[in-house]
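One structure below.
The values are calculated or read from the model by the stated rules, or taken from the named source; none is laboratory data. All values derive from a computational prediction rather than experimental measurement. Don't worry about glycine lacking a Cβ; one is built from the backbone with ideal geometry, like all the others, and counts go over all protein chains shown.
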Amino acid sequence: MAALLEIAGASKSFGGVFAVADVDLAVEAGDIHCLIGPNGAGKSTLFKLVVGTYPPTAGRIVFKGTDITQAKSFARVAQGMSIKLQAPSVFKALTVRQNLHIALQDHVARHAIGTEEDRLLETLGLTSDAHRPAGLLSHGQQQWLEIGMALALRPVLLLLDEPTAGLSSDETYRTGELVKRLNAEGTTMLIVEHDMAFVRQIATGVTVLHLGRIFARGSIDEIVSDSRVAEIYLGT
Ligand code: ADP
Ligand code: MG
């Protein structure tokens with residue numbers, strides 16, 4: 001069976017400099033695939049090619065068997081793809097519930113929004129914080145709220161760009177448990193991550209990107225025992 005997401009020969013240049021160069025990557029339905037690599041490796045750019053922030057300079061993106069290389073972002077979202085970007089984007093002055101409401105309002109019938117908000121609050125462990133302004137949440141809670149906003153679309157494929165950045169080790173662990181629960185409920189995941197303990201907690205497979213290219217791929221054990229991978233991290 002074809003992969004849920006297939007990236008084939010994808011490249012993206014900015015003014016002649018290739019941020020992503022000839023990347024092949026397949027994510028199977030049910031995977032929690034982690035993408036790692038040093039700063040500037042091209043991870044966020046690759047995500048933006050997948051979600052359609054800009055088209056690739058070359059290559060193809062196939063989602064659920066359909067070539068979406070030229071599709072607009074909103075069309076990809078409608079097909080079941082959702083992303084939590086690297087830069088945080090919750091509305092800090094609004095409550096947690098209001099943030100979820102905004103994310104849900106275009107996708108859920110008006111009478112069902114309250115129930116859906118409750119379901120997401122429960123999933124995220126934010127029920128008792130529903131009425132707090134999002135800006136008063138801990139950094140971890142804000143990350144979970146953002147994941148919840150991405151979940152409002154009920155995606156089949158969820159992309160998370162550095163979901164544990166700035167989190168405590170306890171919050172990181174809880175984020176991993178959230179990711180695994182969402183995956184068990186049927187959401188395939190592609191996750192950019194730095195924290196190797198977190199990757200070990202969640203990953204079904206790992207791809208290493210370096211200088212825009214695929215550098216290595218394998219299980220977490222294969223990746224952490226690969227001395228070439230250690231070298232690219234030390235070299236930056
Ligand atoms: P990562 O997420 O792995 O840290 P990025 O994808 O953000 O890496 O960046 C990869 C390379 O592409 C970097 O050299 C970065 O400076 C460059 N880059 C990313 N976005 C742009 C852009 N919009 N314009 C020009 N260069 C960019
Ligand atoms: Mg990045």
When every residue in the range 150-175 that is farther than 27 Å from Arg200 by Cβ and buried (at least 17 other Cβ atoms within 10 Å of the Cβ) is compared, the one modelled with the lowest pLDDT is Leu153
Check Gln70, Gln98 and return the single one that is loosely packed, with under 13 Cβ neighbours inside 10 Å and either outside the structural domain of Lys43 (by TED's automatic domain parsing) or farther than 29 Å from Leu167 by Cβ (or both).
Gln70
Considering only residues of the range 182-195 that are within 16 Å of ligand 1 (Cβ to nearest atom) and aliphatic (A, V, I, L, M), which is farthest from Thr123 (Cα to Cα)?
Val192
Which residues, counting only those in the range 30-59, are exposed (fewer than 15 other Cβ atoms within 10 Å of the Cβ) and away from ligand 1 (no atom under 15 Å from the Cβ)?
Gly30
Checking Thr127, Thr57 in turn, the sole residue that is farther than 30 Å from Ser169 by Cβ and not charged (D, E, K, R) turns out to be Thr57
Filtering the range 180-236 down to residues that are basic (Lys, Arg) and surrounded by 14 or more Cβ atoms within 10 Å (Cβ to Cβ), which residue is nearest to Ser13 (Cα to Cα)?
Arg213
Cβ-Cβ under 8 Å, sequence separation 6+ or interchain: first residue in the range 20-35 and on the phi > 0 side of the Ramachandran plot, partner of a type in the set (A, V, I, L, M) and modelled with pLDDT of 95 or more. Which pairs?
Asp22/Ala10; Asp22/Ala58
